[in-house]
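This report refers to the structure that appears directly beneath it.
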Amino acid sequence: MTTTQSPDAALDAHLDKTHDARLESYREFLRIPSISALPEHAPDVRRAAEWLAHALRTAGLENVAVEETSFHPVVYADWLHAEGAPTALVYGHYDVQPVDPLDLWTSPPFEPVVVDGRMLARGAADDKGQVHAHAMAAAALMATRGGFPINVRYVFEGAEESGSEGLDAWLTANRDRLTSDVAIISDTGFFEGNIPAITVGLRGLMYAQIDVVGSPVDLHSGSYGGAVQNPANALAQIIAALKGPDGRIRIPGFYDAVVALTEEEHAAIAELPFDEDEYRARRHVGELVGEVGYSTLERRSTRPTLDVNGVWGGFQGHGTKTIIPAHAHAKVSCRLVTAQEPHDIFVKFRDFVLEIAPPGVKVTVQDLGGGRPSHTPVDHPMTRAAARALEATFGRAPVFIREGGSIPVAASFESILGLPVVLLGFTQPNENAHAPDEWMSLDNYEGAIRAIVATFDEIATLGSSHRE
Ligand SMILES: [Zn+2]
């Protein structure tokens with residue numbers, strides 16, 4: 001995909017002139033292993049925050065600060081001199097996912113390289129690449145115009161890959177000073193085939209752990225087999241009962257809050273250019289399966305799910321060992337859709353698991369957190385403004401999609417700050433986020449910088465007071 005040249009000659013000249021320095025700066029940011037989930041990387045997460053703050057300060061932004069939360073810091077910056085113009089709150093995250101399995105990376109994850117027009121590194125796409133594009137767009141505006149067409153606040157988080165721990169409390173504590181008209185979240189991507197897209201829906205998440213305990217120690221399966229409950233068998237029985245062969249989740253009340261798609265929404269999803277064979281083949285899956293009565297696109301973005309993320313217990317070495325394991329465990333998560341509440345779903349999940357738990361074992365269910373789903377109307381003026389900017393930059397009108405993933409902060413901006421959310425993301429759909437060999441298309445990255453500037457220009461034409 002090539003981006004069309006903007007009518008802004010000064011911007012073009014600036015971006016040409018700073019091209020090499022920009023890529024080097026991008027690589028420098030990616031070299032910091034800011035893995036939020038691993039305690040040994042906490043100093044690196046802070047180093048990434050300081051690096052980003054420095055970049056924003058250098059760009060010419062004001063009130064730049066690395067601010068403490070109960071976990072990793074938030075990087076804040078603003079520029080508030082466009083009197084009478086709307087204010088956009090821009091969000092991204094500078095932390096990244098862990099990198100294992102390391103042996104599946106073509107090159108080391110924190111030694112970024114450009115291969116075939118792609119930046120290859122952990123965080124290249126999710127989400128340091130997009131955060132960096134925002135910093136570079138700010139620098140370009142300050143360098144070429146001496147300011148922004150609108151007011152902007154930047155909130156860059158360091159714990160998104162760890163459930164955004166500490167962010168809600170920070171947003172709540174800073175609610176008054178974060179007053180804005182819209183939240184622009186850049187942590188999503190384009191549609192299949194690299195078609196510009198605006199995400200108008202995100203799924204939420206419920207995460208739980210099931211612990212099944214029998215005898216305090218492993219038992220001889222000859223002496224006790226047949227006479228006592230086996231925790232691993234019991235766990236398998238529980239897991240098997242959670243979902244039917246029709247793909248429907250059997251937890252009572254699970255679907256109560258799900259808002260059904262309208263006919264228009266069904267039709268819009270059916271119209272999206274989606275190659276199901278390619279989608280299937282890309283992950284070497286023999287057959288696609290899911291909830292009866294829904295298309296693949298609907299299943300993966302508009303319907304709730306239940307998946308076992310991990311299961312363990314008992315003997316796992318080579319050869320044989322004849323035991324009845326003392327305990328067995330499973331991590332289970334549900335992707336949620338509007339208007340399912342994570343805690344409500346957890347309670348229903350827990351109650352059902354306890355109800356179906358076979359006798360002879362002790363079963364407990366832990367709540368490991370979650371996030372609410374979010375949804376922004378396609379016809380919101382801010383969504384429309386971003387759509388015009390994407391079309392002007394990439395030469396093609398964006399499609400409006402719902403993503404299967406979760407960005408709990410989107411719901412937080414809606415509920416804590418009362419802001420409409422525009423999910424303006426620029427990665428390609430197969431960019432290996434969270435996986436080995438994560439990459440970002442440099443065309444998308446460069447286009448992102450222009451599209452961000454264009455979005456600010458489009459929002460400026462709306463005038464102020466677009467709060468709803
Ligand atoms: Zn992300």
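The values are calculated or read from the model by the stated rules, or taken from the named source; none is laboratory data. Please read all numbers here as calculations on a predicted model, not as lab measurements. Counting neighbours? That spans all protein chains shown, and the Cβs are built from the backbone with ideal geometry, glycine included.
Computed values, structure above
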item	result
Residue satisfying condition, being closer than 28 Å to residue 328 by Cβ and without any contact (Cβ under 8 Å) to a residue 40 or more places away in the chain, within set 241, 227	227
Residues (surrounded by fewer than 17 Cβ atoms within 10 Å (Cβ to Cβ) and small (Gly, Ala, Ser)) located in the range 231-267	236, 240, 241, 244, 247, 253, 257, 260, 267
Test: residue in the range 95-113 that is over 23 Å from residue 189 (Cα atoms) and either buried (at least 22 other Cβ atoms within 10 Å of the Cβ) or hydrophobic (A, V, I, L, M, F, W, C) (or both)	yes
Residue within the range 217-230 that is crowded, with 24+ Cβ neighbours inside 10 Å and outside the structural domain of residue 398 (by TED's automatic domain parsing) present	yes
So residue 192, is it surrounded by fewer than 19 Cβ atoms within 10 Å (Cβ to Cβ) and within 25 Å of the chain's Cα centre (by Cα)	no
Residues located in the range 273-329, provided they are touching a residue at least 40 places away in the same chain (Cβ under 8 Å) and of a type in the set (A, V, I, L, M)	289, 292, 306, 308, 311, 323, 324, 326, 328
Every residue from the range 274-285 that is part of a helix (DSSP H, G or I), surrounded by 11 or more Cβ atoms within 10 Å (Cβ to Cβ) and of a type outside the set (Gly, Ala, Ser)	276, 278, 279, 280, 282
Filtered residues of the range 376-401 (kept if under 19 Å from residue 298 (Cα atoms) and either modelled with pLDDT of 90 or more or surrounded by fewer than 17 Cβ atoms within 10 Å (Cβ to Cβ) (or both))	377, 378, 398, 399, 400, 401
Residue identified as surrounded by 21 or more Cβ atoms within 10 Å (Cβ to Cβ), aliphatic (A, V, I, L, M) and either more than 22 Å from the chain's Cα centre (by Cα) or closer than 21 Å to residue 150 by Cβ (or both) among 77, 49, 21, 65	77
Residue that is nearest to residue 89 (Cα to Cα) [pool: residues in the range 141-167 that are part of a loop (DSSP other than H, G, I, E, B) and out of contact with any Asp or Glu (no Cβ under 8 Å at 6 or more places or on another chain)]	150
Selection from the range 417-433 of residues that are on the phi < 0 side of the Ramachandran plot and away from the ligand (no atom under 13 Å from the Cβ)	417, 419, 420, 421, 422, 424, 428, 429, 430
Strands (runs of 3 or more DSSP E) contained entirely in the range 168-273, each with at least 1 residues that are among the polar types (S, T, N, Q), touching a strand residue (DSSP E or B) at 6+ places or on another chain (Cβ under 8 Å) and modelled with pLDDT of 95 or more	204-213
Selection count, the range 335-364, where residues are surrounded by 21 or more Cβ atoms within 10 Å (Cβ to Cβ) and either under 25 Å from residue 214 (Cβ atoms) or hydroxyl-bearing (Ser, Thr, Tyr) (or both)	4
Candidates 262, 320, 302 - the one that is touching a Leu at 6+ places or on another chain (Cβ under 9 Å) and of a type in the set (Ser, Thr, Tyr)	302
Scan of the range 175-189 for residues that are out of contact with any Leu (no Cβ under 9 Å at 6 or more places or on another chain) and surrounded by fewer than 23 Cβ atoms within 10 Å (Cβ to Cβ), ordered by number	176, 177
Near pairs, Cβ below 7 angstrom, 6+ apart or cross-chain, from the range 118-147 (touching a residue at least 60 places away in the same chain (Cβ under 8 Å) and of a type in the set (Val, Ile, Thr)) to any residue that is away from the ligand (no atom under 16 Å from the Cβ) and outside any strand (DSSP E or B)	144/10; 144/11; 144/14
Condition broken by residue 4, with the remaining ones in (1) modelled with pLDDT of 95 or more; (2) outside the structural domain of residue 397 (by TED's automatic domain parsing) satisfied	(1)
From 462, 390, 419, residue being assigned to a loop (DSSP other than H, G, I, E, B), farther than 25 Å from residue 335 by Cα and touching a residue at least 24 places away in the same chain (Cβ under 8 Å)	462
Segments classed as strands (runs of 3 or more DSSP E), wholly inside the range 49-140, with at least 3 members that are in contact with a helix residue (DSSP H, G or I) (Cβ under 8 Å, 6 or more places away or on another chain) and within 16 Å of the ligand (Cβ to nearest atom)	87-93
Any hit, the range 164-180, residues being under 30 Å from residue 18 (Cα atoms) and within 16 Å of the ligand (Cβ to nearest atom)	no
